[in-house]
1. Can you tell me which residue among E51, E57 is among the acidic types (D, E) and open to solvent by less than 90 Å² (accessible area, probe 1.4 Å)?
2. Has the stretch 14-36 got at least one residue that is touching a residue at least 24 places away in the same chain (Cβ under 8 Å), under 13 Å from the mean Cα position of the chain (by Cα) and open to solvent by 90 Å² or more (accessible area, probe 1.4 Å)?
3. Do you know which of the residues in the stretch 1-13 that are farther than 20 Å from V46 by Cα and open to solvent by less than 90 Å² (accessible area, probe 1.4 Å) is farthest from the chain's Cα centre (by Cα)?
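The values are calculated or read from the model by the stated rules, or taken from the named source; none is laboratory data. Every value quoted in this text rests on a predicted model; they were computed, and no experiment measured them. Every residue, glycine as well, gets a Cβ built from its backbone with ideal geometry; the counts of neighbours run over all protein chains shown. For accessibility, only protein heavy atoms count, side chains too; no ligands or nucleic acids. Shrake-Rupley method; radii C 1.70, N 1.55, O 1.52, S 1.80 Å.
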Amino acid sequence: MHLANGLPWTLPITLPVTKVEAKSINAGDEVALYSDEGELCGGIQVEEMIEYDKLEEAKLVYKTRR
């Protein structure tokens, strides 16, 4: 997909967290990203926190519920 001016429209990065984790994270925070093995992979700045609905995101972003 592209914007009207031709620039690519990329997908937002969404990372689900538990309700416990969400209580300690705020917009503007920088958080570390770790692999399943515990290796530091990088960091990201949180822009906003939203309720996560996996099926709704699949429908809206990927046009499927699978």
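1. Values: E51 fails: open to solvent by less than 90 Å² (accessible area, probe 1.4 Å).
Sole residue among the options that is among the acidic types (D, E) and open to solvent by less than 90 Å² (accessible area, probe 1.4 Å): E57.
2. yes
3. The initial filter retains those residues of the stretch 1-13 that are farther than 20 Å from V46 by Cα, namely 1-8.
Filter once more, so that each one left must be open to solvent by less than 90 Å² (accessible area, probe 1.4 Å): 3, 6, 8.
Details: L3: 21, G6: 24, P8: 18 Å.
Among those residues, the one meeting the criterion is G6.
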